[in-house]
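The values are calculated or read from the model by the stated rules, or taken from the named source; none is laboratory data. The shown structure was predicted, so the numbers you read here are calculated from the model rather than taken from an experiment. Virtual Cβ from ideal backbone geometry, glycine too; neighbours counted across all protein chains shown.
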Amino acid sequence: MSTTRTLLIDADDTLWENNIYFERVAQEFFAKLTEAGVPEPRAQTVLWQTEQRNIKTSGYGSQAFCASLHQAAQELGAPGLEPWIKERERWIFHHPIELMPGVAEALPDLSECNRLIVLTKGQPAEQLGKLNRSGLAQFFHATEVVFEKNVNTYREAVAKHGLVPARTWMIGNSPRSDINPAKAAGLHTVFIPYHTTWQHEMEEITPNGSETLVLDNFARLTDHFA
């Protein structure tokens, strides 16, 4: 079992922008439905309910999101949006990578002093594609793309990589996915809030477990881990 300090790092909205692309497409979707006579609150409710049903079986990412758009459009009587939805799915999947502030500056220093592992939700092809386009892959010892992040996810990561929980930190922007289940698995946590968080990820940080370090910028990690 490794005694090296390990930083498990979330990808979307921690290393690079992600949610803004989904939000942009959602707003375009609502605007198109409004033009077709569907009130935006109704469209928002149907899409949200559809996403919550589908997450359990489809997971996360552009394909899952756009499948929910297709279903919502059908339910709202707008099947003509399907070609547009397919085009926006391709756009989200291949969008240029915009690193979060401080990431490019901090990762080289962090990688010299720590074992870095990407731990992200989504579809492997999509997430690995973003990592490759980001130019950051060289700084990571391993990459884990998982269907969901829960306490078992973190326990499995500890076992697979021979980690010591007391020497392992999970770093991310989502209390629901990155902080609370990692704390329940006995890990340390670092919360870097994102300027806009998907409703599904909103949750209060649990007081249980070790205290969560809260930083306003990824670069601040070097103050603690480099």
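Mind counting the residues in segment 119-144 that are outside any helix (DSSP H, G or I), within 27 Å of GLU28 (Cβ to Cβ) and not basic (Lys, Arg)?
Total meeting the criteria: 3.
Report, by residue number, each residue of segment 80-139 that is more than 29 Å from ASN150 (Cβ to Cβ), among the charged types (D, E, K, R) and crowded, with 19+ Cβ neighbours inside 10 Å.
Within segment 80-139, ARG88 is the sole residue that qualifies.
Would you point out which residue out of LEU116, LEU33, LEU69 is outside any helix (DSSP H, G or I), modelled with pLDDT of 95 or more and more than 23 Å from HIS195 (Cβ to Cβ)? Before you say what the answer is, go through the steps one by one.
Values: LEU33 fails: outside any helix (DSSP H, G or I); LEU69 fails: outside any helix (DSSP H, G or I).
Testing whether each residue is outside any helix (DSSP H, G or I), modelled with pLDDT of 95 or more and more than 23 Å from HIS195 (Cβ to Cβ) leaves just LEU116.
Kindly indicate the residue of segment 165-183 that is in a strand (DSSP E or B) and not aliphatic (A, V, I, L, M) and also farthest from ASN19 (Cα to Cα) among those meeting that condition.
Result: THR168.
Only residues that are touching a strand residue (DSSP E or B) at 6+ places or on another chain (Cβ under 8 Å) and assigned to a helix (DSSP H, G or I): list them for segment 5-30, please.
ASN19
Which condition breaks for GLY186 when tested against (1) over 17 Å from the mean Cα position of the chain (by Cα); (2) part of a helix (DSSP H, G or I); (3) among the small types (Gly, Ala, Ser)?
Condition (2) is where GLY186 drops out.
Filter segment 24-51 for residues that are basic (Lys, Arg) and within 16 Å of ARG88 (Cβ to Cβ); which is farthest from the chain's Cα centre (by Cα)? Working first, answer last.
Pass one, segment 24-51, residues basic (Lys, Arg): 24, 32, 42.
Next cut, within 16 Å of ARG88 (Cβ to Cβ) only: 24, 32.
Values: ARG24: 16, LYS32: 27 Å.
Here the residue is LYS32.
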